[in-house]
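The structure that follows is given in the form of structure tokens.
Values quoted throughout were computed directly from the atomic coordinates according to the rules given, and no laboratory measurement underlies them. What you are looking at is a predicted structure, and each value in this text was computed from that prediction instead of being measured. Cβ placement follows ideal geometry from the backbone for every residue including glycine, while neighbour counts extend to all protein chains displayed.
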Amino acid sequence: MSDPNPLLLLVQQLQQELQNQRLDIQNQRNEIQQLRADLDASRTDVHQLRTQLLSVQTPRSRLPDPPRFNGKPYTLRTWLPSIKAKLRSDQLVGADAFDYVWDRLEQSQQASVLHLRQSAEENQLWDPEVIFSFFQRLCHNPREQQEAIQRFTSIQQRDDESLIAYLARFERLSYEANVNSWPDISRVTTLHRGYGLISVEY
């Protein structure tokens, strides 16, 4: 019997090596697919952990509820900043914000803006600014600036008022009268004219 053809043996050997390489490539592809699956699963786990961490973070401290607005112009000046700060703190928007503002009105004031609530329900436009604007127009005093200037220019230290309390009141009335554009000499003169030489505690 003659020896096998060397060329045939070489071809068979190459075919076997090629088959082995194909198996290796297939195994590597399977491993890559498994690694991708593991990576996707890990990403899902990371996302779930991140969501859980965000959900268990310490909640922000809540501001107290502002008092119910009674319709008086002098209370509107402090009620408006308080209610707006509360909306920001609690992140209330849309209908939730509108309903909260509505709840912080006394019953008589709710009746005065009932038409705004009905309009919001009909149009599905829940903007609490319409309530704020209504009361700002209602409480607007056309003589407010003149009256503020008059209060500022006639300021006098009270008998039982400390210097610090007097200076704080002076600054507040100065802001209300919008006299920052006045010459400094005018403001200083007003300050000294109202300052009484009274022995009071600081």
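Normalising by the residue count of the range 50-130, find the relative contact order in percent from Cα pairs under 8 Å and 6+ residues apart. Don't skip to the end; give the middle numbers.
Details: 52 pairs, mean separation 25.4, N = 81.
31 percent.
Turning to a different aspect of this structure: Relative contact order for the chain: what percent, with Cα pairs under 8 Å and sequence separation of 6 or more? If you can, show how the numbers build up before the last one.
On the way: 111 pairs, mean separation 30.1, N = 202.
Over the chain, the number comes to 15 percent.
Okay, moving on. Considering the convex hull of the alpha carbon atoms of the range 73-139, report its projected area averaged over all viewing directions, in nm², one decimal. List each step's numbers first, then the result.
Numbers: hull surface 16.6 nm².
Directional mean of the projected Cα hull area for the range 73-139 stands at 4.1 nm².
Out of these labelled values of Rg and Dmax of the Cα atoms in Å, [x] 21.5, 95; [y] 16.7, 55; [z] 38.7, 137, which was calculated from the coordinates shown here?
Calculated Rg and Dmax of the Cα atoms in Å: the matching label is [z].
Enumerate the helices in the chain for which the Kyte-Doolittle hydropathy averages -1.0 or more and the C-alpha atoms extend at least 20 Å along the helix's axis, using complete DSSP H runs. If you can, show how the numbers build up before the last one.
Values: long enough: 6-55 (73 Å, -0.74); 73-89 (24 Å, -0.44); 163-177 (21 Å, 0.31).
Both cut-offs are met by 6-55, 73-89, 163-177.
Taking springs between alpha-carbon atoms closer than 10 angstrom, which of 153, 44, 189 fluctuates most in the Gaussian network model of the chain?
44
Going by a ≥ b ≥ c, the root eigenvalues of the Cα gyration tensor, does the range 103-166 fall in the rounded group (a/c under 1.5), the prolate group (a/b larger than b/c) or the oblate group?
On the way: a/c = 3.93, a/b = 2.71, b/c = 1.45.
Verdict is prolate for the range 103-166.
Neighbouring Cβ atoms within 10 Å as the yardstick, rank 195, 175 fewest first.
Numbers: 195 15, 175 12.
By the 10 Å Cβ count, ascending: 175, 195.
Let me ask something else. Rounded to the nearest 500, what is the 222 nm mean residue ellipticity of the chain from helices alone, with -39500 (n - 2.57) per DSSP H run of 4+ residues and division by all residues?
Numbers: 9 runs with 139 residues, N = 202.
Taking each H run of at least 4 residues, the total per residue is -22500 deg cm²/dmol.
In whole angstrom, note down how far apart the Cα centers of the range 133-166 and the range 3-47 are.
Each part reduced to its Cα centre gives a spacing of 87 Å.
Starting from the eigenvalues of the Cα gyration tensor, five times each then square-rooted, give me the equivalent ellipsoid semi-axes of the range 143-197, largest first, whole Å. Write out the running numbers ahead of the final one.
Values: eigenvalues 68, 31, 17 Å².
Gyration-tensor ellipsoid for the range 143-197: 18, 12, 9 Å.
In addition: Could you work out the equivalent-ellipsoid semi-axes for the range 12-77, taking the square root of 5 times each eigenvalue of the Cα gyration tensor, largest first, in whole Å?
Details: eigenvalues 983, 25, 6 Å².
The three semi-axes for the range 12-77 are 70, 11, 5 Å.
Rank the residues 134, 170 as a footprinting-exposure proxy: fewest other Cβ atoms within 10 Å of their Cβ go first. Could the numbers behind the result be given before it?
Working: 134 15, 170 18.
With the sparsest Cβ surroundings first, the list reads 134, 170.
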